[in-house]
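Every read-out reported here was derived from the displayed coordinates using simple, explicitly stated rules and does not represent laboratory data. All of these numbers come straight from a predicted model, not from anything done at the bench. Note that each Cβ is placed from the backbone with ideal geometry, even for glycine, and that neighbours are counted across all protein chains shown.
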Amino acid sequence: MRISLTDLQKMKVAGDRIAMLTAYDFPSARIADRAGVPLLLVGDSLGMVVLGHDTTLPVTLDDMIRHAAAVVRGSDTALVVCDLPFLTYASEADAVAAVRRVMQETGAQAVKLEGGQPVLSIVRRLTELGVPVMGHLGFTPQSQNQLGVKVQARDAAGARQLLKDAQALEAAGAFAVVLELVPAALAAAVSQRLTIPTIGIGAGAGCDGQVQVWHDLLGLFEGKSPRHAKRFAEIGKIIETAVTAYVAEVRSGAFPTDSHSARMDPADLARALDPEDALGAETVPT
Ligand code: KIV
């Protein structure tokens, strides 16, 4: 049985912190699900970490659907949230059409979309139609050309607006809100004022939950991680060591060995290679 919206709400009330993680494919979803991650996000960050783009903007609905369907297949317990990609929810009609595809073609249980005031009517409509919607405020990567990649809502007016947007999303029916790159004290104050869970990334420990990107958490990229990310392992290095060893063994002939290979009766091979042997061709119907 998957985690439900009611379970998440109970976690908020009980003060049980929620660990959300991105996943983009079947094996990552299997591992995260087995590790007890209650909320899996098929983030449009896949544009960068999986598809090699510089931003989330080139990600298409087809990209999201292919990856979200794999994550749903790979998980049994987590609630799977699928990001709606850039400009697929510019109008209510667009949003309904995009969400219809996401829900029907992937089996994801919820969608996430970015923004405050401009998306409220869409959140309300989707919620009325029975679709669980997660909001996303603060730094919203789909608007990075306007915002720049930096902490948001640092001044009083920006902070007031963010609080108003969070409360408006809750009133419109959102079941949770991601707060990205927001001052920790503001995120904590917003979390205390909402009845729905807040999920922070670069927003401090006062949120009801945290979300991290799979590749950041596992050290799948070389170089410096973003400040808000913690590398819990260096899997990229482990993979590189393994692949280097593989290349060396293929070159030296150490791999494959007999134990990796299939056998056949040498007599059958000898017959196969003997051009004089008709191999029962006379019995093959013409
Ligand atoms: O796309 C994504 O991975 C996200 C998280 C960073 C919240 O939106």
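Its Cα gyration tensor gives the chain an equivalent ellipsoid, and the semi-axes of that ellipsoid, as √(5λ) in whole Å with the largest first, are 47, 23, 17. Considering only A153, V72, I196, the residue lying farthest towards the positive end of the dipole of segment 5-218 is I196, judged by Cα position with unit charges set on Cβ. Relative to the dominant Cα principal axis of the chain, helix 61-74 is inclined by about 70°.
Charge dipole of segment 5-218 (Cα centre as origin; +1 on each Lys and Arg Cβ, -1 on each Asp and Glu Cβ, all else neutral): 400 debye, rounded to the nearest 20.
Given R₀ = 35 Å, FRET efficiency for M1-V96 by Cβ-Cβ distance, to 0.05? For M1 and V96, the calculated efficiency is 0.80.
With no solvent and one equal point scatterer per Cα, compute the Debye intensity ratio I(q)/I(0) for segment 42-102 at 0.28 Å⁻¹ and report its log10, rounded to two decimals. Values, matching the q order: -1.17.
Helical content alone sets the calculated 222 nm signal of the chain at -12500 deg cm²/dmol, taking -39,500 (n - 2.57) per DSSP H segment of four or more residues and averaging over every residue. Normalised by residue number, the volume inside the convex hull of the Cα atoms of segment 239-283 is 126 Å³ per residue. Using only the Cα atoms of segment 152-224, each taken as one equal point scatterer with no solvent, compute I(q) by the Debye sum, divide by I(0), and report log10 of the ratio at q = 0.17, 0.19, 0.28 Å⁻¹. Cα-only, vacuum Debye calculation for segment 152-224: -0.62, -0.73, -1.25. Net length available on complete extension from A262 to A185 is 21.5 nm, with 0.36 nm assigned per residue and the Cα-Cα distance removed.
For a quick check, take a GNM of the chain with Cα springs below 10 Å and name the residue from V247, V123, V211 with the largest mean-square fluctuation. Looking only at V247, V123, V211, the largest GNM fluctuation is found for V247.
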